[in-house]
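Peer 1: Sharing a structure below in structure tokens format, with a few things to ask.
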Amino acid sequence: MKEVQIKETHTFRPRYSETDQMGVVYYGNYAAYFEVGRVELLRKMGISYAQLEANGTMLPVVHMSIDFKRGAKYDEKVLLETAINELPTRKISFYHTLRDEAGKILVTGKVVLVFVDKESFKPKRCPEELATLFSSLS
């Protein structure tokens, strides 16, 4: 698998409604945070999920792993780094690191999505429009 390094950082503050009784972000919300990171990284590259879907490609999640060092807290400024480290084939992997304002790691995760045809839902190769973007950036 050919290596590449594409990164995007998104800064935000967790909302009160995203926290649990302990005052930290409820673990299920990290999947939504990671989605924001993926969408913004692709947008930075010059393509959107909406464009991919309009051109017949869907991206269901097939794997997600998360490691918790410390949960993010309500209204704490956090930085979500999202990276793609290898060129996609039939799958694309996103690596996420959530840090506090001091740069300490709170959460890390990996999300793998598979390219599927919008009509048949059968797996397919990385769409040409996305592969071209990777070629121009790597």
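None of the figures in this text is laboratory data; all of them are computed from the coordinates on show. Small disclaimer: the values here were computed from a predicted structure and weren't measured. Glycine also receives a Cβ, built like all others from the backbone with ideal geometry; neighbour counts cover every protein chain displayed.
Peer 1: Of everything in region 88-119 that's in a loop (DSSP other than H, G, I, E, B), at negative phi and over 15 Å from the mean Cα position of the chain (by Cα), which residue is surrounded by the fewest Cβ atoms within 10 Å (Cβ to Cβ)?
Peer 2: Ala102
Peer 1: Go through region 1-55 and give me each residue that's loosely packed, with under 14 Cβ neighbours inside 10 Å, of a type in the set (S, T, N, Q) and in contact (Cβ under 8 Å) with a residue 40 or more places away in the chain.
Peer 2: Gln5, Thr11, Asn55
Peer 1: Just need a number here: residues in region 69-85 that are surrounded by fewer than 16 Cβ atoms within 10 Å (Cβ to Cβ) and either touching a His at 6+ places or on another chain (Cβ under 8 Å) or in a strand (DSSP E or B) (or both).
Peer 2: 2
Peer 1: Here is a list: Glu101, Glu81, Glu86, Glu128. Which entry is over 23 Å from Ala31 (Cα atoms) and not β-branched (Val, Ile, Thr)?
Peer 2: Glu128
Peer 1: Output the residues belonging to region 1-27 that are closer than 30 Å to Thr132 by Cβ and assigned to a strand (DSSP E or B).
Peer 2: Glu3, Val4, Gln5, Ile6, Lys7, Glu8, Thr9, His10, Thr11
Peer 1: Give me a count of the residues in region 125-138 that are surrounded by fewer than 16 Cβ atoms within 10 Å (Cβ to Cβ) and either within 15 Å of Val39 (Cα to Cα) or among the basic types (Lys, Arg) (or both).
Peer 2: Matching residues across region 125-138 total 1.
Peer 1: Could you please find all residues in region 59-87 being in contact with a helix residue (DSSP H, G or I) (Cβ under 9 Å, 6 or more places away or on another chain) and within 14 Å of Arg38 (Cα to Cα)?
Peer 2: Leu59, Val61, Met64, Leu80, Glu81, Thr82, Ala83, Ile84
Peer 1: For region 124-132, check the following and say yes or no: at least one residue is closer than 25 Å to Phe12 by Cβ and assigned to a loop (DSSP other than H, G, I, E, B).
Peer 2: Within region 124-132, none of the residues are closer than 25 Å to Phe12 by Cβ and assigned to a loop (DSSP other than H, G, I, E, B).
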